[in-house]
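Here the structure is laid out as structure tokens; the discussion comes afterwards.
Derivation of every value follows stated rules applied to the coordinates shown; laboratory data play no part. Note that the structure is predicted; figures quoted are calculated from it, not measured. Don't worry about glycine lacking a Cβ; one is built from the backbone with ideal geometry, like all the others, and counts go over all protein chains shown.
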Amino acid sequence: MGVPFEALIPYAIMVGMFAVTGAGLATTKLIANHGKRPRWNMDVWDRQMIQRDYRLTGVFRQQTDAVEAPVGFEVSSRWKASLVMDSLYGLSVEHGLSHDAADPSLLSPSAGDSLASRKASALSTKLATVLSSSYADSEIREALRLLDLRQGADHENIRHNLKASVQKEVIDANARILDDFGQVAEQLKRVGVLIETLNKTCDEMKTHILAAKQESAPVLEEASTLLARKQETELRQHLLEAFRKQFVMSAHDLNILTNIGVPLDEDFFALLDRAKAIQANCQILLAYDNQRLGSELMEQTTQNLDSAFKKLYTWIQGQFKGLDLEDPHTSASIRRALRILSERPTLFASCLDFFAEARQITLSNDFQAALTGAAQGQAIEFSTHDPVRYIGDMLAWVHSAAVSEKEALEGLFISGPDDLAKGLDIGRTAEPWARITPSSPSSTGHPDHADDAASFDGHKALNDLISRNIARVSQTLYSRVQVAVSNTSDAILVYKIYNLLTFYHDIFVKLFARSSPASSSSSTIQKTILQLESLTLSHFEEVLEEELSSSIPTPTPLPPADMTPPPYLLTSLQAFTEICKTRGPQMTQPELERLFSAMLIPVLDSCAQGTKLLQQSAGDPTRSRVYTLNYLLALRSTLRQLTGLVPAVSIPLAKVNNEIDAVPIQIEDILVQLFLGQSGDRLKHMSSKTIASAVIATAVDRFCADFEELERRIVALDDDPSPPPQQPSI
């Protein structure tokens, strides 16, 4: 009788665990050893593997649900179920759970008595493990499910043949796997043949390559050498191109830079800057040991720059000949050229000299045209009959020309003084022998400016240039004013001319001082006007001297009987008043003293001589004092009229007042000694009745005081019997 199915459930669980694990190990080993072991009787080998699985003990909780298989091979659930059934059947046979005997071929012949002693402990261990397993395990449930699917009509037959059927299925599956792997092996053999063929081909190719390498090695070596030389040549070519670009100018560029026949344009200035950059870069070459290249380049570049600056100098001279100072575009181009030319101080100064000479000729011709009326407008010479207007028109024309020159030339110096200063600093470095002053580029080598190393003063340079431009005009002005002054015999007109000259001198001083406040030097026109002032003032004194010598009688006669001032004094005072009014507040103290000495001192000396004549003549001593007081009063009256117009008159007026105050005191002393009845007749010719009345009143008071003193003394003598004292003189 067989064992009931319910009693086999624990064994099925345990065997299922073993079967899954054993099948996995067997399959894994089969896959790992595939291709290494020769094909043998897989039936015997599989039997031994299954028999070993029955004896395995250990941990049954490490199950795997899937059996690993080669790629493309899938282990079916039915195969797993057959393994379970086969294991269950073998376990029942081995432990005597069935009436059927176990297959003796499954038992290992090498197992001895020791195996029997271990069976009891192994069986107990397996039973404990199976009984401790949970029936809820998914693998056990799956094994039971597969076992249930294999049940058929002949349940007993199926249970007895479960192991054989499962083993048969496993063997069939393994056979199919081996067939598949056989095909893979055939394919691998073909791949091996192909690989061997490829290896032979590779060896042949290596042989050919080595032969070709040996043959091409010299060629490659030569090619490497040629490539290295090519790279070196290209590098040298790049260096040469860079060197030419940095240090060498083409023949076309040199033609533009140095040829005078080529017009001056933007290309010239660009090439000039490049030439200066080359000259500066040559200093780098001079720093190396081999200085030959740097020296030759420096010499060649210096020659090119000298030729370029000469071309620029010639171009500026040509522009100066037909220069229109009112054209802003022309001024801009010339200003740029002058800024660059300032780097050569010698050429710069020479260019300014040429410009000054050209402007001198132009302005001189314009001045002559204005004098003679060649240009449009009335000729200045038409007013020669009026020397003041004639000289004033000439001075006004010169002033207008100077202002026009200043406004026109400001663009050359004032718009960019820093550029000219930088250029002159560079020029002093390039031409250390040039003695050019920064403030006056045209005055090269002048001893007064030899030590001047200050920065460039554009305003002063402008003033110096304007002064030089009107130098010829100043010479013409001097000669014509000199003639006009010499032909004038009226002292008042001469002094008006002098006043006009001083007026324009102040205007020119302000004109040039406004441009250069720090400048202390005078321009040519200022010096010319100063010389004319001195000349005019000397002629004025000469004319005065002639007029006074003709108006003052010689020898000096006695004053008139009415003691009035002489007519020549009144004439001189009138002329003095007119001259002072002409000069006005501008008259300084030295000028007033010089005018006073020239016009009034000789006349006052003549009046004083008349006073001495009156004193020497027998008669009334008060007449000389009255005469002195009269002409002093006339002088004071004239000076008082001028105090508001000429402030400097206050000083001589104070001196005259002091002298006038002293004369009445002298008259009082004389009147006190005379009888009172004659005092009024003696002062009747005094021009100031107020002073006369005051003098008489003071004299009377003094006389009365003296008379009272005399009367007191007489009374005292009458009362005193002693001899009377000596009478005091009255």
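Computed values, structure above
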read-out: Zone residues, the stretch 271-286, relative to ASN255, backbone N less than 20 Å from point 7 Å out along Cα-to-Cβ; value: 271-275
read-out: Segments 360-373, 223-236 sorted - mean Cβ within 10 Å per residue, highest first; value: 360-373, 223-236
read-out: Cα-Cα over 30 Å, subset of LYS245/LYS310; LYS460/LYS496; LYS321/LYS527; LYS311/LYS510; LYS230/LYS276; value: LYS460/LYS496; LYS311/LYS510; LYS230/LYS276
read-out: Where labels lie 7 Å past Cα in the beta-carbon direction, separation of ASN161 and SER650 in nm; value: 16.4
read-out: Cβ crowding within 10 Å averaged over residues, with 179-190, 531-542 ranked highest first; value: 531-542, 179-190
